[in-house]
Amino acid sequence: MHFLQFWLLYPLLRVLSIMPMRCLYLLSDLLFYLLYYFPGYRRKIVRTNLRNSLIYKEDEEILSIEKKFYRNFSDILFECIKMLSFSKKDIISRCYFATGSYEVFKKLFDKGKHVIIAMGHTGNWEFAGLSMSAMEHYIVQVIYRPLANTYYDKLMFTVRSRFGAVPLDATKVQRVIMEKKDKPTVTAFITDQSPPPESAQWLSFLYQDTPVYKGIEKISRKLNYPVVFANVRRVKRGYYEIYIELICENPGKMADGEITKIHTCYLEEAIREQPDNWLWTHRRWKHRRITN
């Protein structure tokens, strides 16, 4: 069934992808109304997350952020469809490094360093991955967890790997990263998932006790690969800037837990700057800390 879904719907998505962006955004406007009002896609989860995370804001502002988030979310869905037909020039013009950010990478690459990126679901994170892989200066590896629906999994794999990026199954990350590469690699981890409570590092994040994956910390310290944080900020509709902050050049010298704390703090700051720019639909606080 999933096989048939792919071969029936993929041509339709390809047709949509060659439409001008202004037409896709008209469809996005329609989708926004469907998601937000009829019947309200995950509205309860989104509103609860917003109220618990932005406790310093009044209800009126929370509702405004909520509505902007759904508009952005609808745009991202159609922007991801457009990625099927984007040229390298198209994607780089729409999602580009902020002033001074690429220089952080260049200094590390000039030293022959492989780099690990910590990033969250800010802006259009899929645009960012495709844009960085289109620049061809390094191999981009994107960590992902295979989706239960094999159609969507195959579709996202196709989109993400168009310009040479290598999607890596999260269960095989360490082995693949340790393989020698002819060119420097940039390996991007999405850090704002909800890990099992027993294996997580627990931190205060957006005023809540939150489990955070320790994968970046473990791998970067073991291999001594520099770690940077990437924030994808929305500039205007359809355009994004990638901001890069160096977390550490020598992770092996960092104290246990410090790298995780730093990239979590950077993500929290990014969310405060553009609260409608984060993906609020996930149940990130579904776990509770295990106590003896």
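Brief remarks on what is shown
- Estimated inter-spin distance, LYS67 and GLU103, nm [label 7 Å along Cα→Cβ]: 4.1
- Given LYS68/LYS236; LYS261/LYS286; LYS218/LYS261; LYS44/LYS67; LYS67/LYS261, the pairs whose alpha carbons are separated by over 24 Å: LYS67/LYS261
- Separation of the GLU136 and LYS44 label points, Cα + 7 Å toward Cβ, nm: 5.2
- Among (1) 52, 46, 42; (2) 55, 41, 38; (3) 63, 46, 39, the entry derived from the coordinates for Cα extents along the principal axes in Å: (1)
- Across region 248-265, computed HN-Hα scalar couplings (Karplus, 6.51 cos²θ - 1.76 cosθ + 1.60, θ = phi - 60°) run 6, 8, 10, x, x, 8, 7, 6, 4, x, 5, 4, 4, 4, 5, 5, 5, 5 Hz from first to last residue, x flagging Gly and Pro.
- Relative contact order, percent, region 1-85 [alpha-carbon distance under 8 Å, six or more residues apart]: 50
- Per-pair calculated FRET efficiency, R0 = 45 Å: LYS111 and LYS236 via Cβ, rounded to 0.05: 0.80
- For a straight C-alpha distance cut-off of 16 angstrom, the aspartates and glutamates reachable from LYS253 (same-chain residues fewer than eight places away being disregarded) are GLU217.
- Once C-alpha pairs closer than 8 Å and six or more residues apart are averaged by separation and normalised to the residue number of the chain, the relative contact order reads 24 percent.
- Length gained when the stretch LYS89-LYS253 is fully extended (0.36 nm per residue, less Cα-Cα span): 55.1 nm
- Between TYR207 and ILE18, residue separation times 0.36 nm minus the direct Cα-Cα distance comes to 63.7 nm.
- Here the calculated FRET efficiency for LEU223 and TYR152, from their Cβ-Cβ distance with R0 = 35 Å, stands at 0.65, rounded to the nearest 0.05.
- For region 215-230, 3J(HN,Hα) computed residue by residue from phi via the Karplus equation (6.51, -1.76, 1.60; θ = phi - 60°) reads x, 4, 4, 5, 6, 5, 6, 5, 9, 6, 8, x, 10, 10, 10, 10 Hz, glycine and proline entered as x.
- Taking the helices alone, the chain has a mean residue ellipticity at 222 nm of -14500 deg cm²/dmol, built from -39,500 (n - 2.57) per DSSP H run of at least 4 residues and averaged over all its residues.
- Region 110-146 and region 48-79 have Cα centres spaced 26 Å apart.
- Approximate spin-label separation TYR37-ASP169, in nm, with each point projected 7 Å along Cα-to-Cβ: 4.5
Each value in this text was obtained by applying a stated rule to the coordinates, not by laboratory testing. What you see is a predicted model; the values in this text were computed from it and never measured. Cβ atoms come from the backbone with ideal geometry, glycine included; neighbour counts cover every protein chain shown.
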